[in-house]
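Peer 1: Here it is, the structure in full.
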Amino acid sequence: MKKKPIDLESLRKKAEQKLRKQEGRLKDLSALDIKRLVHELGTYQIELEMQNEELRMAQTELEESRGRYADLYDFAPIGYFTFDKNGLILELNLSGANLLGMDKRFLSGKPMSPFIIPNDRNTFTGHIAEVLSRQVLQTCDIQLRRKDKSVFHVRMQSIAVEDEQGRLTLCRSAMSDVTEQKKSGAAIAQLASFPNVNPNPIFELNPSGEITYVNPAASKIFPDLAVKGINHPLCAGHSMLREMFKAGEKVAHTREIKIGNEWFEQAIYYVREGSLIRAYNQNITERKQAETDMLESRQLNELLLDSIPHPTMLIRRDRTILAANKIAREAGAAVGEFCWQSFGHSEFIPEEAKLYFKGHNRDFSSSCIKCSFCIADETKESSNPAHCEVKAFGRLWDTWWVPVKDDIYLHYAIDITERKLAEEELRKHREHLMELVEERTSELNRINITLEQEIAERKLAEAETIRAGHLAALGELAAGVAHEINNPVNGIINFAQILLNKSEPESKDREFADRIIKEGLRIATIVKNLLSFARDRKEEKRPVHVQSIMTETLALTELYLKKEGINLRVNIPSDLPEIIAHPQQIQQVVLNIISNARYALNQKFDGSHKNKTLEISGEKISVNDNAYLRMTFHDNGIGIPPDVIDKALNPFFSTKPDEKGTGLGLSISHGIITDHGGRIALESVEGEFTKVIIDLPVKK
């Protein structure tokens, strides 16, 4: 009987009334009495708080227990219904809704009669009335019709329960489908209706417990049945048979009896109401042996499974557990239940399935439910084992599904938590080691680069020193050669001048003398430029025009360019600003670039060609608000391969054969231009052209 909720407001008012009545008494208390009273009130308050805490804990446990009861109630294998006296459905579980083929939500508050076939509706109404009047357990069999119109037999076992007022006005019924049992009973009845020809033992009892009939099969199998009568093993529990007479039950009863080494299934029912009970006995020894063998086989399977040190189960494709080892059973696996329900505790099924079991969703077949990580169906399609890593119950598992038969698979899970932790730790150590190796490698690379740079700089310095020595020797040689050449050239020019002065105007002699003077002066200029190039390079940087440097340089190379059929195009404006430079060093750079251009053009063109050109141009540019003079050398030669263009300025790198170059020209040129505060860049397309660009800061 449910208790009425406590009205806290009215309870408080009653307490205040009592307190006002006692206020007069409080005035008469001494200070010591009041102090003692306050202490008692404080103690009482603490006791109340402790009691409240215990009540809260009890309430929590009650709610948890109620939840467990709700699960047991909903997932019970038979249907539970609560009816009022008129047969209205007040409450039911999921199994009851499944019996009727309906959603649980649509049945509460609806009458039961539409689901009962017309001939059995009075039986149902009378059953409820008898339960409420007699208030003892009552049983009846009726036929129900599902939503899909299929008819089936159910057995109702009902008791009277209290309503909210504590009155026994409600009927709580347990319904189980007995359709198959009814079919067996009908077959038994058909055989029993011809007892004389029936091959199974049949006998009849009267209300006094006397055996009044034994068929031939019973006489043959049990010759002493008629003699022993009620004391024969077939009549074991005869008190139950007498109770059937007293109660006047019309429902057939079935039981199993063991006689010696044989088992018999005995069906007992009325032949003539109130007069005789007939017992039909069928030998089921083979079936019992098969059941025993099956049980032993299952126990053997479980014994084999128990030897596996991991949670292991044999499961049907519909997720029903057939066998489970001890570890799995301790984790909750129950034979005959769904693996996701008992072993998985319904924690890993989809949300729609969880809603279904709470009664808030549409029709949902429980056989279709599976855990979110389950890949058992893949093994059916491929017949190969499947596995994946699953995080469950606070651990990490390597979970396997191994097909055994078409409809059965072996499912086990290996705890790999510690292994994964060790692998993670090893991975971290490996990453840390790789970081250390990378750091050390990077450090060694930096050291190696520094060493390579130092070696390259040293080699470059050595090359500069050697080249400086060569230039010094060349200077001495050039000075001696110039002295030896200048004297004869001056004599030639002087004699030519005398001839020019003595010759007649417009005469051939005058023309020849003039040509001799010009060529002699040209020889003198070449000697002068050669002396300038070979001069000691310790001079300071000074303002100089690029045009003058280019003129002196081309005077040394122009003859070779013409001889090799190279078309030279020079565009150096005369108004370009001066640069601060070592003229000799800039001349050295220009000579090196022209030499490389000659080689590239001669490699591409054999002899003269209209495209065998070298263009030299100059212009003023601005970079980041700084003024520069740009010289561009553009040749249509063989170009530089793209995979080596970045190495072209490195010392000792050359695309020429060993006898044609040392690989120092461009690297020395790069050093000279850098020393002048400028920069040198290369642009090239292999087989088409090469462009060398030099930027030098102009005089401020």
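Peer 1: Looking at Asn384, is it open to solvent by 40 Å² or more (accessible area, probe 1.4 Å) and part of a loop (DSSP other than H, G, I, E, B)?
Peer 2: When the stated conditions are applied, Asn384 passes them.
Peer 1: Continuing with the same structure: Starting from the range 318-330, take each residue that is farther than 18 Å from Asp406 by Cβ and list its partners that are basic (Lys, Arg), counting only C-beta distances under 9 angstrom and pairs at least six apart or across chains.
Peer 2: Close Cβ pairs satisfying both conditions: none exist.
Here is a yes/no grid of residues against (1) under 25 Å from Ile572 (Cβ atoms); (2) at pLDDT 90 or above; (3) in a loop (DSSP other than H, G, I, E, B); (4) more than 60 Å from the chain's Cα centre (by Cα):
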position	(1), (2), (3), (4)
Ile586	yes, no, no, yes
Leu601	yes, yes, no, yes
Leu614	yes, yes, no, yes
Ala627	yes, yes, no, no
His634	yes, yes, no, no
Phe653	no, no, yes, no
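Peer 1: Name every residue in the range 420-453 that is among the basic types (Lys, Arg) and closer than 29 Å to Leu396 by Cα, in order of residue number.
Peer 2: Those that are among the basic types (Lys, Arg) and closer than 29 Å to Leu396 by Cα: Lys420, Arg427, Lys428, Arg430.
Peer 1: Is it the case that some residue within the range 547-565 is in contact (Cβ under 8 Å) with a residue 24 or more places away in the chain, within 16 Å of Gly677 (Cα to Cα) and not aromatic (Phe, Trp, Tyr)?
Peer 2: no
Peer 1: List the number of the failed condition for Val136; all other conditions in (1) aliphatic (A, V, I, L, M); (2) under 19 Å from Ile159 (Cβ atoms); (3) assigned to a helix (DSSP H, G or I) hold.
Peer 2: Val136 satisfies all of (1) aliphatic (A, V, I, L, M); (2) under 19 Å from Ile159 (Cβ atoms); (3) assigned to a helix (DSSP H, G or I) except (3).
Peer 1: Residue by residue through the range 302-316, note down the ones that are open to solvent by 40 Å² or more (accessible area, probe 1.4 Å) and either in contact (Cβ under 8 Å) with a residue 24 or more places away in the chain or within 31 Å of the chain's Cα centre (by Cα) (or both).
Peer 2: Ile308, Pro309, His310, Arg316 - these are the residues of the range 302-316 that are open to solvent by 40 Å² or more (accessible area, probe 1.4 Å) and either in contact (Cβ under 8 Å) with a residue 24 or more places away in the chain or within 31 Å of the chain's Cα centre (by Cα) (or both).
Peer 1: Now, a different point. Kindly establish whether Glu23 is modelled with pLDDT of 80 or more, of a type in the set (D, E, K, R) and open to solvent by 70 Å² or more (accessible area, probe 1.4 Å).
Peer 2: When the stated conditions are applied, Glu23 does not pass them.
Peer 1: Follow-up question, since we're still on this one. Restricted to the range 201-226, and to residues that are under 18 Å from Phe264 (Cα atoms) and among the charged types (D, E, K, R), which residue is least open to solvent (accessible area, probe 1.4 Å)?
Peer 2: Glu204
Peer 1: Does Val136 satisfy the criteria of being open to solvent by less than 20 Å² (accessible area, probe 1.4 Å), among the β-branched types (Val, Ile, Thr) and either modelled with pLDDT under 85 or under 20 Å from Ala97 (Cα atoms) (or both)?
Peer 2: Considered against the rule, which asks whether it is open to solvent by less than 20 Å² (accessible area, probe 1.4 Å), among the β-branched types (Val, Ile, Thr) and either modelled with pLDDT under 85 or under 20 Å from Ala97 (Cα atoms) (or both), Val136 comes out as no.
Peer 1: Do we have Ile447 as of a type in the set (A, V, I, L, M), out of contact with any helix residue (DSSP H, G or I) (no Cβ under 9 Å at 6 or more places or on another chain) and either at negative phi or open to solvent by less than 80 Å² (accessible area, probe 1.4 Å) (or both) here?
Peer 2: Criteria met by Ile447.
Peer 1: Find all pairs meeting these conditions: Cβ atoms under 9 angstrom apart; at least six residues apart or on different chains; first residue within the range 255-269 and of a type in the set (D, E, K, R); second residue open to solvent by 60 Å² or more (accessible area, probe 1.4 Å) and not in a strand (DSSP E or B).
Peer 2: From the range 255-269, the pairs are Arg255/Met240; Glu265/Arg287.
Peer 1: Are any residues in the range 592-639 touching a residue at least 12 places away in the same chain (Cβ under 8 Å), hydroxyl-bearing (Ser, Thr, Tyr) and surrounded by fewer than 13 Cβ atoms within 10 Å (Cβ to Cβ), and if so, which ones?
Peer 2: Ser608
Peer 1: Filter the range 97-131 down to residues that are surrounded by fewer than 18 Cβ atoms within 10 Å (Cβ to Cβ), assigned to a helix (DSSP H, G or I) and aliphatic (A, V, I, L, M), then give me how many there are.
Peer 2: So the answer is 1.
Peer 1: Then there's this: Being more than 30 Å from Val154 (Cβ to Cβ), at pLDDT 80 or above and open to solvent by 70 Å² or more (accessible area, probe 1.4 Å) narrows it down to one residue among Glu296, Glu256, Glu262; which is it?
Peer 2: Going through Glu296, Glu256, Glu262 in turn, just one is more than 30 Å from Val154 (Cβ to Cβ), at pLDDT 80 or above and open to solvent by 70 Å² or more (accessible area, probe 1.4 Å): Glu262.
Peer 1: Looking at the range 228-239, which of its residues are of a type in the set (A, V, I, L, M, F, W, C) and at pLDDT 80 or above?
Peer 2: Leu234, Cys235
Peer 1: Given (1) touching a Ser or Thr at 6+ places or on another chain (Cβ under 7 Å); (2) modelled with pLDDT under 90; (3) not β-branched (Val, Ile, Thr), identify the lone condition not met by Ser669.
Peer 2: Among (1) touching a Ser or Thr at 6+ places or on another chain (Cβ under 7 Å); (2) modelled with pLDDT under 90; (3) not β-branched (Val, Ile, Thr), the lone unmet condition for Ser669 is (1).
Listed here are the residues, each with its yes/no results for (1) at pLDDT 75 or above; (2) open to solvent by less than 60 Å² (accessible area, probe 1.4 Å).
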residue	(1), (2)
Leu500	yes, yes
Glu506	yes, no
Arg510	yes, no
Lys518	yes, no
Asn529	no, yes
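Peer 1: Moving on. Return yes or no: is Glu418 closer than 30 Å to Ala331 by Cβ, of a type outside the set (A, V, I, L, M) and either modelled with pLDDT of 90 or more or surrounded by 10 or more Cβ atoms within 10 Å (Cβ to Cβ) (or both)?
Peer 2: In short, yes.
Peer 1: Looking at Leu500, is it closer than 19 Å to Leu556 by Cα and not charged (D, E, K, R)?
Peer 2: no
The values are calculated or read from the model by the stated rules, or taken from the named source; none is laboratory data. Keep in mind the model is a prediction, meaning the values are calculated, not measured. Every residue, glycine among them, receives a Cβ derived from its backbone with ideal geometry; neighbour counts consider all protein chains shown. Side chains are part of the model used for accessible areas, which takes the heavy atoms of the whole protein and leaves out ligands, DNA and RNA. Shrake-Rupley method; radii C 1.70, N 1.55, O 1.52, S 1.80 Å.
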